[in-house]
1. Pull up segment 81-110, narrow it to residues that are within 20 Å of residue 135 (Cβ to Cβ) and either at pLDDT below 90 or not assigned by TED's automatic domain parsing to the domain that holds residue 158 (or both), then point me to the one that is nearest to ligand 1 (Cβ to nearest atom).
2. Sort through 65, 40 and tell me the only one that's within 16 Å of ligand 1 (Cβ to nearest atom), outside any loop (DSSP other than H, G, I, E, B), closer than 30 Å to residue 144 by Cβ and not β-branched (Val, Ile, Thr).
3. Here are the criteria: (1) within 15 Å of ligand 1 (Cβ to nearest atom); (2) over 28 Å from residue 182 (Cα atoms); (3) surrounded by 17 or more Cβ atoms within 10 Å (Cβ to Cβ). Tell me which single one residue 56 does not satisfy.
4. Could you tell me whether any residue of segment 257-270 is polar (S, T, N, Q), touching a residue at least 40 places away in the same chain (Cβ under 8 Å) and closer than 30 Å to residue 202 by Cβ?
5. Name the single residue, out of those in segment 184-230 being more than 23 Å from residue 54 (Cα to Cα) and outside any helix (DSSP H, G or I), that is nearest to ligand 2 (Cβ to nearest atom).
6. Select, from 78, 43, the only residue that is farther than 17 Å from residue 213 by Cα and either exposed (fewer than 14 other Cβ atoms within 10 Å of the Cβ) or assigned by TED's automatic domain parsing to the domain that holds residue 183 (or both).
7. Take residue 168 and tell me if it is small (Gly, Ala, Ser), touching a residue at least 12 places away in the same chain (Cβ under 8 Å) and over 20 Å from residue 57 (Cβ atoms).
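The values are calculated or read from the model by the stated rules, or taken from the named source; none is laboratory data. For clarity, every value in this text was computed on a predicted model and none was experimentally measured. Cβ atoms come from the backbone with ideal geometry, glycine included; neighbour counts cover every protein chain shown.
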Amino acid sequence: MDWAIETFNLTKIYLSLFRRRRLVAVDALNLKVPVGCVFGFLGPNGAGKTTTIMMLLGCVYPTSGDFRIFGRSIRDMGVRRRIGFLPEKFQFHDLLTAEELLWFHGRLTGMDRHTLARRVPEVLEQVGLSARARSRVREFSKGMQQRLGIAQAILHDPDLIILDEPTSALDPLGRRDVRDLILHLKSRGKTVFLNSHLLSEVEMVCDEVAILRGGRVQRQGGLDVLLQVHPVVDVELVERSEGVMQAVRAMATVISEDGTRFTAEVGSEEDIPALARCIVQAGGDLIRFAPRRESLEDLFVRVVEEHE
Ligand SMILES: Nc1ncnc2c1ncn2[C@@H]1O[C@H](COP(=O)(O)OP(=O)(O)OP(=O)(O)O)[C@@H](O)[C@H]1O
Ligand SMILES: [Mg+2]
C-alpha cells in the first residue's frame with residue numbers, strides 16, 4: 001500500500017511560559033492515510049487537529065515521533081510542492097484582487113507564467129468565483145474568501161490537499177460545490193485530508209476517518225466498517241404494546257421510544273430480519289420498519305462521550 005501520510009507516535013507538547021504547565025496537544029499519533037483516499041480528521045474543539053496539520057506541513061516542530069509524506073521527509077522541497085493547504089484561520093493580502101492573489105501564490109510555488117495564465121481562470125471557475133476575479137479580496141464575503149482559499153490550495157495541482165475546515169463559512173450551495181470538487185480531486189487520484197465539524201458532509205465524501213480526542217485517536221478506519229457496527233432500526237406500530245416492547249428488549253437495545261414509535265439497535269445486520277419476525281410474533285402490527293446504519297454523528301457523540 002502507498003501511503004500519502006504516515007505518522008509514527010507523533011507527539012506535540014506545548015510548554016507554558018516558564019515551563020510551569022505542559023499541554024499534550026497531540027499524543028503518540030499513528031495515522032496511515034492511503035494515496036487516493038478522502039480522509040476525515042475529526043474531533044471536538046481542542047482535540048489537536050490543527051496542531052497535527054501544522055506538524056505535517058513542517059510549520060510546528062514535533063516534540064517527539066516522526067512522519068512521512070509520500071514516504072519522504074517534509075524537509076524535502078519536492079514533497080512540499082506536492083501539498084496544497086487551506087489554513088483554518090487564513091488571512092490573505094486583501095488589497096490584491098482574487099486573480100492577483102492567485103498569481104502571487106502561484107509564483108511563490110514556482111509556477112511559470114504560461115501555466116498560471118491557464119490555471120488561474122480554471123480554478124476560479126472551479127470554486128465559483130469567475131465573475132469576481134477582478135474584485136479585491138477585502139470586498140469579499142467570508143464565504144467568498146474561503147472559496148478563494150480553496151482555489152489557492154489546488155492551484156498548483158498538488159497530490160495531497162490538506163483542508164482545515166474548508167466549509168465552515170460556506171452556504172449550502174458552496175458546501176455542495178466543495179463536496180463535488182473533493183470528489184473530482186479524488187477521481188483524479190488525489191489524496192484529500194480534511195478536518196471538519198460538519199459530520200453529515202464528512203460522511204458524504206470521506207472514505208476513512210479518524211476521531212481524535214485529547215490528542216489521541218479513539219477510532220480510525222473505513223466509514224463502511226465503522227458505521228456498520230451497530231445497525232439501528234426505526235419502527236412504527238399501529239398500536240403501542242408492552243408485550244411487543246418486552247420481546248424487542250430481549251433481543252435488541254431500545255435507544256428511544258415515543259408513543260407507537262421506537263428505535264432499536266441490533267448487534268449486526270443478520271439480526272434485522274429476526275427483529276421484524278420477533279415484533280410480528282409478539283402481535284405487533286408494523287407500519288414502518290426502516291433499518292439504517294448508525295450515522296457518523298451518532299458514532300462521534302458515542303466515541304467522545306465514552307471517553308469523558
Ligand atoms: N501555539 C500554541 N501554544 C500553546 N498551546 C496550543 C498552541 N496551539 C494549540 N494549543 C493547544 O493545543 C490543543 C489542541 O489545539 P488545536 O488547535 O490543535 O485543536 P483543534 O482540534 O484544531 O480544535 P478546533 O476544532 O477548535 O479547531 C488545545 O488545547 C490548544 O489550546
Ligand atoms: Mg483547528
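1. Looking at residues that are within 20 Å of residue 135 (Cβ to Cβ) and either at pLDDT below 90 or not assigned by TED's automatic domain parsing to the domain that holds residue 158 (or both), I get 90.
2. 40
3. The failed condition is (2).
4. Scanning segment 257-270, I find no residue that is polar (S, T, N, Q), touching a residue at least 40 places away in the same chain (Cβ under 8 Å) and closer than 30 Å to residue 202 by Cβ, so the answer is no.
5. 222
6. 78
7. Details: small (Gly, Ala, Ser): yes; touching a residue at least 12 places away in the same chain (Cβ under 8 Å): yes; over 20 Å from residue 57 (Cβ atoms): no.
Taking the combined requirement at face value, the residue does not satisfy it.
So that you can scan it fast, the table gives a plain yes or no per residue for (1) more than 29 Å from residue 67 (Cβ to Cβ); (2) surrounded by 14 or more Cβ atoms within 10 Å (Cβ to Cβ); (3) out of contact with any Ser or Thr (no Cβ under 9 Å at 6 or more places or on another chain); (4) not β-branched (Val, Ile, Thr):
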residue	(1), (2), (3), (4)
93	yes, no, yes, yes
108	no, no, yes, yes
131	yes, no, yes, yes
147	yes, yes, yes, yes
